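The values are calculated or read from the model by the stated rules, or taken from the named source; none is laboratory data. Model, not experiment: these values are computed from the prediction. Backbone-built Cβ (ideal geometry, glycine too); neighbour counts: all protein chains shown. Just so you know, the surface numbers come from the protein's heavy atoms only, side chains and all, with ligands and any DNA or RNA stripped out. Shrake-Rupley method; radii C 1.70, N 1.55, O 1.52, S 1.80 Å.
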Amino acid sequence: MPKSKRSQLGVIALTKQGSLLARRIADLMQGTVYLPERFAVANEQTFGKGQFTQTCQRLFHEMDGVICVMATGIVVRTIAPLIEDKTVDPAVLVVDERANHVISLLSGHVGGANAWTTQLAALLESDPVITTATDTEHVQALDTLAQRVDGWYPDFKMNTKKYNSLLAAREPVEIWIDPDFVSAFPDLSGFRQLEALTDATPDVPLVIVSDKINFDKSANSVQVVPRVNALGIGCRKNVTYAMMQTAFTQFCGEHQLAWQSIYALGSIDKKQHEGAIHYLADTLNVPVTFYSAEALQPASQHYPQSAFVAKTVGVGNVASAAAETLTGQPTVTDRLALDEITMAMSRKLL
């Protein structure tokens, strides 16, 4: 699956006319402009004679998106040695110096080049040039759909190719969305939406959008798991990795939860040296945030208090308070207490 993005956009040009447009684009798109020294003004990022290729290739590695105001051929030759994979390559757009066309050149779906192209073309009153099949057929793509909920699904390349090919060919593809996530998908063009999972047609490819695992899977279906759940954790000192793994497994089992839906962990700063918490974060490949007792105090008041916990760490509830503090939303599960470990989950708004 694609990596998390840093939302940084670089705009680069080569000529005087291109520099004027690049400056305008950077302002419209809240990006950073990179111009030849002789065309730049104070406080702009510059590159010297003979440094264009080096600068453009550096932006390719550092930025989420690169907008090149120049000929397409120059861009293709410059980035060709760097292209690796759609899950990691940045979005690359090309704009001609007169802003007649905005071209989505690389990483249209996963990198967001198509969305940026559409946005920029509207701002410049230019023609957007988008060639991905699902977009030209005006149907939703599986990877684009998944991005709306920061979704994970297995065998990313294979399933993306399979389902997008079917959608572009206008072949039947059904979709069932857990009611918790229906509002995140205003556009389901190309899909046949099901009211209930039991309505699925045998042998018709099916997309399931849910953070749960309480349904049967089939070889002809793929589950998109929204990564929207944050897990708060409290524990005594020196709990073992095995204890943490057992508690997490039981928590997921009790709530029929797909573990891939967890995007962040949280606890109190007095637990920041607990190896078992870091072990779980590493196992899930998610970040963990440790909050001070003062930071957890407001959320803690929404949940049952423990005098012992308050005396020990300075706040009467850790797991539920940490979960709420991570997302700004109340918990959506009861608190699990097992082997001196507590867990609770909240869900971020989409």
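Things worth noting here:
- Label positions at Ala42 and Leu188, each projected 7 Å from the Cα along the C-beta direction, are separated by 5.6 nm.
- Put simply, when 235-241, 28-34 are sorted by average Cβ atoms within 10 angstrom per residue, most first, you get 28-34, 235-241.
- Cβ-Cβ distance of Trp259 and Met158, R₀ of 30 Å, FRET efficiency by 1/(1 + (r/R0)^6): the value works out to about 0.90.
- Taking 0.36 nm per residue of separation and subtracting the Cα-Cα distance, full extension of the segment from Asp203 to Arg24 would add 59.3 nm.
- Straight-distance crosslink candidates among aspartates and glutamates, where the alpha carbon sits under 19 Å from Lys212 and sequence neighbours closer than 8 are dropped: Asp150, Asp155, Glu174, Asp178, Asp180, Glu195, Asp199, Glu254, Asp334
- Note on surface exposure: Val332, Val288, Val225 rank Val332, Val288, Val225 by accessible area, highest first, 1.4 Å probe.
- Here the 3J(HN,Hα) profile of segment 239-254, calculated from phi with Karplus coefficients 6.51, -1.76 and 1.60 at θ = phi - 60°, is 5, 7, 4, 5, 5, 5, 4, 5, 5, 5, 4, 5, 4, 5, x, 5 Hz, Gly and Pro shown as x.
- Taking only alpha carbon atoms, segment 151-194 gives an Rg to Rh ratio of 0.98, where Rh is the Kirkwood radius.
- Annotation for segment 35-117: trypsin sites (Lys or Arg not before Pro) lying in DSSP loop with at most 16 further Cβ atoms inside 10 Å of their Cβ are Lys49, Arg98.
- Database remark: amide H of Trp152 closer than 5 angstrom to the amide H of Val225, Arg227 (H placed geometrically; neighbours at sequence offset of 5 or more, or on other chains; Pro and chain starts carry no H).
- Rolling a 1.4 angstrom probe over the protein heavy atoms with all chains in place gives segment 62-115 an accessible area of 37 Å² per residue.
- Rounded accessible area per residue of segment 120-272, 1.4 Å, Å²: 47
- Counting only residues at least eight positions apart within a chain, or on another chain, the lysines with an alpha carbon under 21 Å from that of Lys161 are Lys3, Lys86, Lys217.
- Between Asn238 and Arg98, the simple label model (points 7 Å from Cα in the Cβ direction) yields a spacing of 7.6 nm.
- HN-Hα J in Hz across segment 266-277 - Karplus 6.51, -1.76, 1.60, θ = phi - 60°, x for Gly and Pro: x, 7, 8, 5, 5, 9, 5, 9, 6, x, 5, 5
- Inter-centroid distance (Cα atoms) of segment 1-77 relative to segment 316-350, Å: 43
- Once the mean of 1/r is taken over each pair of separate Cα atoms and inverted, segment 238-332 shows a Kirkwood hydrodynamic radius of 13.8 Å.
- Segment 113-214: Rg to Rh, with Rh as the Kirkwood radius over Cα pairs: 1.00
- For segment 172-320, fraction of C-alpha pairs farther apart than 23 Å, in %: 49
- Computed over segment 190-254, Kirkwood Rh from alpha-carbon pairs, angstrom: 15.0
- Only lysines eight or more places from Lys237 in sequence, or on another chain, were considered; those with a Cα closer than 21 Å are Lys270, Lys271, Lys311.
- Burial ranking of peptide ranges 313-326, 62-75, 195-208, 272-285 (average Cβ count within 10 Å, highest at the top): 313-326, 62-75, 272-285, 195-208
- Since only Val66, Thr327, Trp152 are under comparison, the one whose Cα sits farthest along the positive direction of the charge dipole of the chain, derived from C-beta charges on Lys, Arg, Asp and Glu, is Val66.
- Rg in Å to one decimal, and Dmax rounded to a whole Å, for segment 1-98 via C-alpha atoms: 12.8, 41
- Dimensions of segment 13-70 from C-alpha coordinates, computed as largest minus smallest value along each principal axis and given longest first, are 28, 25, 22 Å.
- Ranked from largest, the principal axis spans of the Cα set of the chain equal 69, 56, 32 Å.
- The alpha-carbon atoms of segment 263-305 define a convex hull whose volume equals 84 cubic angstrom per residue.
- For segment 46-156, average projected area of the Cα convex hull in nm²: 8.0
- In degrees, nearest ten, helix 52-62 long axis to first principal axis of the chain (Cα): 20
- Estimated translational D of segment 98-162 in µm²/s (Stokes, Kirkwood radius over Cα pairs; 20 °C; 1.002 mPa s): 170
- Among 248-255, 183-190, 8-15, 115-122, the peptide with the highest mean count of other Cβ atoms within 10 Å heads the list, and the full ranking is 8-15, 115-122, 248-255, 183-190.
- Extent along the principal axes, Cα only, for segment 310-350: 35, 21, 10 Å, with the longest axis given first.
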